[in-house]
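Working notes, structure below.
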Amino acid sequence: MPVERSPSAPSGGTGVSPRSRLRLSIGRHPRDLAKLGLVAGLLVLSALLVLIPANPVEIAVHQQLIALPRVADPFWVVLTWIGSWAGIVGVVVATSYLGWIRVALLSAGSGALTWLVAMLMHQLLEGPGGRPFPSEEVAVVTVLAVVATPYFGRVARYLGWGLVLLTGIAVVHLDLHLPLGAVGGALLGWGVGLLCHLVWGAPGRKVSELVIFDELVQAGLAPVSISALRHRLLQPREFAVDTVDGPPLRVKVVRRLSRRAGGWYKLKRLLMLLDVQDEPSLSTPHHEVEHEAYAALLAARAGVRTPEVVLAGDVPYAPALLVMREVPGRRLTELPPEEIDDDLLAGVWEQVALLAEARIAHHDLRAKNILVDEHGRPWLLSFTFSHPGADDARCAQDLAEALVSVAAVVGTQRAVTSAIAALPVESLAAALGSVVPLALPRRIRAQAQRGRYFLAELRETLADRLGLPIPGFRSPVRPTTVLSLLLVGAAVYLLIPELSNTRDVLGALRHANWGWLAVAVVTGFAAVVLSSISVQGSSRIPLPFWLTLQVQVAAAFTGRTTPGGAGFFGINVVYLERLGLRRPLAVGVTLLNQAGTGAVAFVVSVIGVFAVGLSGTFTNLSLPGWQLMVGVAAAVLVAVLVVLSPPGRRRILPSVREVSRELLETLRHPVRALQLFGGGLGYLVVSGLGLATSLAALHSNFSWTAVTIVFVVGNTLGHLVPSPGGLGAVEAVLLAGLGAMGVPPTAAVAAVLLSRLLTYWIPVLPGILMFRYLQHRNVI
């Protein structure tokens, strides 16, 4: 309902205190229900794992944490006290003294409930060595952090989770629980905390119109009424405000960062662009609001028509807000085609040209951000993604985005004709290279839904009218890349034998069974065949098997000799385009193939490690010293905080959700699912057998299943390192895995070197020939 000021209300403010502002932001979020379901499932899984013998991996972690210096034992003991009734009483007393009665009551209730549930689970479950499950200390600390810290800000929330981590280390170090017990305690506390949020709400879950109204009053803007406008989920909230003696205002409330230029988007653009222009990053919603206001002021000073900025800033106990004067009119997307005449289009291109002259890249020139006022003049809105001080490449990309947006409304021919009539040919020629999906953000591409060939039609029409060739793809494989690969490979393959006795390694290679080595070579090429089957399953359009197989042979050259496998993406995208798929579909097929193989590798790795661990195969498993483990834990903690931060949720999670939807869609088609996941599984298993056959040529006493699992884990982890083919990293993980199995160092080193050479690098040689052959046939 709209908020209005009564005639008797004081002009200096509405009297909303800081505590009241916080109370007004308390609400519930459906996302907590999904989190609660996930946490409950993980807790049940942890409880089931307690019923089986402890995994050697868990025992090794336990032993390393026990070995922490005893000088810090008093600190660890105090942490366990926090997770007892003393900690609950302490939090209740402290929050009551500060006047946070709601927090005190929630902490007391949730803490007592968590402790009682933990005690009940102790009666039902008992871990190895008679240790109870889960850890009540970790559970209590977790629920207190989840329930209380939202009332004290983001820093308190991060400190609370840090305290949970330290408490988990404490109970394991003091030999009170195994690591699984600490994890179970954290899941229990987190689940009870989420349940409290669902029942009683938590701060920061809703935007109060009363708080925004009070902020405008304090700024001296004399609002009369405020009403919320319709908005989309995850988009900024907008409010319409009427004032006493001025024009209406439009208030935009930014709860979370709007940028969408994540790592996945940057990787896709690297496939097409040699000079990638990334969108500038912002740190907080307040920073985003200030940035938009600054860019809008610069644009207005350059003569660009944009609404006047009135106020921008942070609001205590509420999201950041941006206040601008309301301009009566309609968005370009709301106008019927007959009202969009040539004069209006010329005015749009005039505004775009003014932006370029001022060196401002708007980077969000969607048709919905072009407002047409009552006099038929265009205005540019929403400078959230803008970049003042832009270079020529950014300005060219901005023009390309405007071309796509206008063409999506009026059609390709009219958009190109009006742009050529209003803009210099040089500017349009520079923009031509960016009229490709990989160069366009998703928010711009989403407008191009007029047909499968919309972007291709726009690119071809513009190139024809300018008399220029259509931009093509250049292979990322360069002579310098190959030379660097050879140098790094030589260094790795010369240093690895030093882990054992070099003379013994050479002797083992001389006496290797050549029959098994021949089988290893066959597995390398069989893996390429299975990879081509997986690619077929990634496409909704049937792909020819033999031609797809030839391309995958060539991809063994382009993909294994480029960092991050960029050449694999590039050659497959071009191949699919030549078959008639538009570039977005071609990129989607390639990314889905990698995601499917990655999902299979993850499942096989998790299940395989637990299964092999329970079978007792890892007889020589040992972990690094506690100093290195602390460093690794700190790095993991930083990575988790980055992912959970607003920029991380904005950049990483949307890409994960998109690929997950594609994978689930594939499961609805049994044949495609069998090709995609079965081909990916076959590729991993056959490649793992390549390592096993190489080891069989040198050493006969080992488990073939365990070696295959070691290969899948090593291949998955090693390729996270951005080196060509995971060079160096894959070899290191494979050696560690074989060593944990008890394979002698000499046989392990020789087997890893042979398998990588015979199954991974030898297929590169025919790949070079196939690559040139397919180029001559214009297949790629």
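Among the numbered criteria (1) within 18 Å of Ser84 (Cβ to Cβ); (2) assigned to a helix (DSSP H, G or I); (3) touching a strand residue (DSSP E or B) at 6+ places or on another chain (Cβ under 8 Å), which one does His177 miss?
(2)
Of the numbered conditions (1) surrounded by fewer than 18 Cβ atoms within 10 Å (Cβ to Cβ); (2) not in a loop (DSSP other than H, G, I, E, B); (3) not aliphatic (A, V, I, L, M), His375 satisfies every one except a single condition; which is it?
(2)
Please work out if Thr167 is in a helix (DSSP H, G or I), in contact with a Gly (Cβ under 8 Å, 6 or more places away or on another chain), buried (at least 24 other Cβ atoms within 10 Å of the Cβ) and not aliphatic (A, V, I, L, M).
yes
Would you be able to say whether some residue in region 16-31 is assigned to a helix (DSSP H, G or I), modelled with pLDDT of 80 or more and either in contact with a strand residue (DSSP E or B) (Cβ under 9 Å, 6 or more places away or on another chain) or surrounded by 12 or more Cβ atoms within 10 Å (Cβ to Cβ) (or both)?
For region 16-31, residues assigned to a helix (DSSP H, G or I), modelled with pLDDT of 80 or more and either in contact with a strand residue (DSSP E or B) (Cβ under 9 Å, 6 or more places away or on another chain) or surrounded by 12 or more Cβ atoms within 10 Å (Cβ to Cβ) (or both): absent.
From the set of residues in region 38-62 that are touching a residue at least 60 places away in the same chain (Cβ under 8 Å) and not aliphatic (A, V, I, L, M), which is surrounded by the fewest Cβ atoms within 10 Å (Cβ to Cβ)?
If we take residues in region 38-62 being touching a residue at least 60 places away in the same chain (Cβ under 8 Å) and not aliphatic (A, V, I, L, M), then Pro53 is surrounded by the fewest Cβ atoms within 10 Å (Cβ to Cβ).
Looking at Ser382, Ser434, Ser405, Ser386, can you tell me which residue is of a type in the set (Ser, Thr, Tyr) and modelled with pLDDT of 90 or more?
Answer to the selection: Ser405.
Failed condition for Gly489, given (1) within 30 Å of Val573 (Cα to Cα); (2) modelled with pLDDT under 85; (3) part of a loop (DSSP other than H, G, I, E, B), with all others met?
Tallying (1) within 30 Å of Val573 (Cα to Cα); (2) modelled with pLDDT under 85; (3) part of a loop (DSSP other than H, G, I, E, B), Gly489 fails exactly one: (3).
Exactly one condition in (1) more than 30 Å from the chain's Cα centre (by Cα); (2) modelled with pLDDT under 75; (3) surrounded by fewer than 20 Cβ atoms within 10 Å (Cβ to Cβ); (4) assigned to a helix (DSSP H, G or I) is not met by Val612; state its number.
Here Val612 meets the rest and fails (3).
Restricting attention to region 744-775, report how many residues are in contact with a Leu (Cβ under 7 Å, 6 or more places away or on another chain), more than 24 Å from Val528 (Cα to Cα) and either of a type in the set (Val, Ile, Thr) or not in a helix (DSSP H, G or I) (or both).
1
Quick test for you: out of Leu194, Leu216, Leu210, pick the one residue that is under 27 Å from the mean Cα position of the chain (by Cα) and in a helix (DSSP H, G or I).
Within the list Leu194, Leu216, Leu210, the selection yields Leu194.
When you look at Leu345, is it buried (at least 18 other Cβ atoms within 10 Å of the Cβ) and part of a helix (DSSP H, G or I), yes or no?
Answer is yes for this residue.
Every residue in region 75-94 that is buried (at least 18 other Cβ atoms within 10 Å of the Cβ), within 37 Å of the chain's Cα centre (by Cα) and in a helix (DSSP H, G or I), please.
Trp76, Leu79, Thr80, Ile82, Gly87, Ile88, Val91
Considering region 531-550 alone, what residues qualify as being aliphatic (A, V, I, L, M) and either buried (at least 24 other Cβ atoms within 10 Å of the Cβ) or outside the structural domain of Leu681 (by TED's automatic domain parsing) (or both)?
Val535
Would it be correct to say that Ala751 is crowded, with 20+ Cβ neighbours inside 10 Å, among the hydrophobic types (A, V, I, L, M, F, W, C), closer than 23 Å to Val686 by Cβ and at pLDDT 75 or above?
Yes; evaluated as a whole, the condition is true for this residue.
On the given criteria, is Thr333 at pLDDT below 90, β-branched (Val, Ile, Thr) and over 29 Å from Glu215 (Cβ atoms)?
Yes, satisfied.
Being of a type in the set (Ser, Thr, Tyr), surrounded by fewer than 21 Cβ atoms within 10 Å (Cβ to Cβ) and out of contact with any strand residue (DSSP E or B) (no Cβ under 7 Å at 6 or more places or on another chain): is that true of Thr333 here?
So Thr333 fits the description; yes.
Taking the criterion of being at pLDDT 85 or above and on the phi > 0 side of the Ramachandran plot, would at least one residue in region 175-188 satisfy it?
yes
Could you say whether any residue in region 556-569 is more than 25 Å from the chain's Cα centre (by Cα) and modelled with pLDDT of 80 or more?
Taking every residue of region 556-569 in turn, at least one turns out to be more than 25 Å from the chain's Cα centre (by Cα) and modelled with pLDDT of 80 or more.
Return a yes/no flag: does region 130-144 have any residue that is buried (at least 17 other Cβ atoms within 10 Å of the Cβ), closer than 20 Å to Val78 by Cβ and of a type in the set (Asp, Glu).
yes
Among the residues of region 502-511, is there at least one that is at pLDDT below 85 and either within 30 Å of the chain's Cα centre (by Cα) or not in a helix (DSSP H, G or I) (or both)?
yes
Mind checking which pairs have a first residue in region 381-401 that is under 27 Å from Val327 (Cα atoms) and a second that is aliphatic (A, V, I, L, M) and at pLDDT below 85, Cβ under 6 Å, 6 or more apart or different chains?
Sorted first by the residue in region 381-401, then by its partner, the pairs are Ala400/Val435; Glu401/Ile444.
Going by the structure shown, is Gly184 buried (at least 20 other Cβ atoms within 10 Å of the Cβ), more than 24 Å from Arg154 (Cβ to Cβ) and touching a helix residue (DSSP H, G or I) at 6+ places or on another chain (Cβ under 6 Å)?
yes
The values are calculated or read from the model by the stated rules, or taken from the named source; none is laboratory data. Being a predicted model, the structure only gives us computed values, none of them experimental. Positions of Cβ are generated from backbone atoms using ideal geometry, with glycine treated the same way; all protein chains shown enter the neighbour counts.
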